[in-house]
């Protein structure tokens with residue numbers, strides 16, 4: 001299998017799994033930025049603090065801002081927030097500074113942008129990062145968690161937005 005075929009099959013295989021959609025937001029001396037990611041997950045609930053991991057492309061201005069600010073918020077989007085996902089993914093051609101003007105948000109206890117209406121928000125402090133080829137792998141301690149009364153998360157799978165349904 002050559003490199004191009006392996007990459008194409010890898011992308012197809014990964015598209016077959018659904019994952020929740022998150023927007024990482026940050027503010028500080030590195031600037032206010034946000035980016036949509038599908039690669040945010042729990043590492044552990046035990047230890048010094050609960051820990052999450054997220055991956056962001058090295059060319060993303062949000063990655064550089066998170067590395068500089070050392071803090072961010074991971075916002076798991078509600079199933080009604082597809083437009084916010086599109087906005088922070090760059091699908092809607094909007095300047096980074098204007099993206100926050102288009103959504104409702106508030107400041108977290110550590111000054112990070114919390115997206116209003118997200119099904120969950122995690123206030124995080126960056127503990128370490130690794131540049132792995134094209135992406136920064138960010139590992140962060142969770143300082144606080146905010147939960148929406150409506151837990152329905154926006155999903156992405158098979159190259160489209162999805163909703164979870166109960167299987168009887």
List the pair-distance distribution P(r) of the chain, using every Cα-Cα distance, as the percent of pairs falling in each 5 Å bin from 0 up to the bin containing the longest distance, rounded to whole percents.
2, 9, 17, 21, 21, 15, 9, 4, 2, 0, 0
Put one equal scatterer on each alpha carbon of segment 1-47, apply the Debye formula with no solvent term, and list log10 I(q)/I(0) at q = 0.26 1/Å to two decimals.
-0.95
Which FRET efficiency, nearest 0.05, do residue 150 and residue 14 yield, Cβ-Cβ r, R0 25 Å?
0.35
Relative contact order (percent, whole number), the chain, Cα cutoff 8 Å, 6+ residue spacing
27 percent
Over segment 20-87, equivalent-ellipsoid semi-axes from the Cα gyration tensor in Å:
19, 18, 10
So what does log10 I(q)/I(0) come out to for segment 72-124 at q = 0.28 Å⁻¹, using the Debye formula with one equal point on every Cα and no solvent?
-1.20
Counting helices only, and only those DSSP H runs with n ≥ 4, report the 222 nm mean residue ellipticity of the chain as the sum of -39,500 (n - 2.57) divided by its residues, in deg cm²/dmol to the nearest 500.
-5500 deg cm²/dmol
Going by Cα centres, segment 131-150 and segment 66-114 are how many Å apart?
13 Å
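Quick note: the coordinates plus some simple rules give every number you see, no bench work behind them. Remember, predicted model here, so these are calculated numbers, not experimental data. Here the Cβ is made from the backbone with ideal geometry for all residues, glycine too, and neighbour counts use every protein chain on show.
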